[in-house]
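Input: a single structure, listed below in structure tokens.
The values are calculated or read from the model by the stated rules, or taken from the named source; none is laboratory data. Treat the numbers as computed from the prediction; the structure is a model and nothing was measured. Neighbour counts are summed over all protein chains in view; Cβ atoms, including those assigned to glycine, are modelled from backbone coordinates with ideal geometry.
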Amino acid sequence: MQFCWKETENKKSKNELENSIKQKETEIKLKKFEKGKLKQNEDYIKLKIKLLKEKQALLDKTTNNAEIKNEIKKIEQELKEERKKQAYEGIKNEIKEKIQKQEKIKAQKPIKAPQKEETRLSEIKKSADPEKYAKSVGLNYKDGNTRIVVSVDELDPITLNKLKELGKIEVKKDKFVQILVPVEKIEQISQITNVQKSRPPSLPIQHGIIISEGVESVSADLVHDSGFTGSGITVGVLDLAFDKNNAEIKSNVLESKSFRYNMARRK
């Protein structure tokens, strides 16, 4: 490997080179090469390269014998190794900094938690007119309260007490609780660790326009025409709601059960 020495080094006399070499050797003793410290290592390498160049220039001026030439080759090789070392450390340090930066960004990025609230519940909290919004999306809403179903990992006494503090528990079964809660407290329910999801209760859907007893709407007339009238069969009915005291059906209702708390009877 060949190097082009600076003009100032070529112009230095033997004595000047010797004095400069001694000075640089003293300086280099105060410096050291440490992995990862790019700026410090750069200063160290630059000083060492200058020292080696001056030593080579001094040897060139002193003699041309084979032993000295071998010494010059050793210096050239040392220069090459020092530059390679610095280049490697520089790249390694740069890569390390990038990795640390990426890890920092990754660590700072919050992990998005799964949404615990059904969208309508999230929206009614933000609505300027919650009653109007509730009507538009089919939510049960009255006097600032709405009815929701909460699913939990386990319905233990602690979770149950926390829910009781936030609203009125209407029904509880297995891992589900139906609760009447103020809209502004929906968020607090979601913050309970044991809560998996909050949603409005599923409402029964009325099938079109009721005709007579609804026979045609469920195509029961076709079955009746085939001779199957259901005579003598006990029938259980799931309905939006009906008035069991209605004179027309009162005598035929053996038993009734509401699956929704305090639901107004439809007339």
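Residues in the range 1-23 that are modelled with pLDDT under 65 and outside any helix (DSSP H, G or I): how many?
Within the range 1-23, residues that are modelled with pLDDT under 65 and outside any helix (DSSP H, G or I) number 6.
Here residue 229 meets the list (1) at pLDDT 70 or above; (2) within 48 Å of the chain's Cα centre (by Cα) almost entirely, failing just condition (2). In a helix (DSSP H, G or I), touching a helix residue (DSSP H, G or I) at 6+ places or on another chain (Cβ under 8 Å) and either modelled with pLDDT of 70 or more or loosely packed, with under 15 Cβ neighbours inside 10 Å (or both) - does that describe any residue in the range 95-107? There is no residue in the range 95-107 that is in a helix (DSSP H, G or I), touching a helix residue (DSSP H, G or I) at 6+ places or on another chain (Cβ under 8 Å) and either modelled with pLDDT of 70 or more or loosely packed, with under 15 Cβ neighbours inside 10 Å (or both).
Quick check on my filter: what residues within the range 218-238 are surrounded by 10 or more Cβ atoms within 10 Å (Cβ to Cβ) and not hydrophobic (A, V, I, L, M, F, W, C)? The answer is 221, 224, 229, 230. Within the range 150-179, the set of residues being surrounded by 18 or more Cβ atoms within 10 Å (Cβ to Cβ), touching a residue at least 40 places away in the same chain (Cβ under 8 Å), within 19 Å of residue 203 (Cβ to Cβ) and among the hydrophobic types (A, V, I, L, M, F, W, C) comprises just one member, 150.
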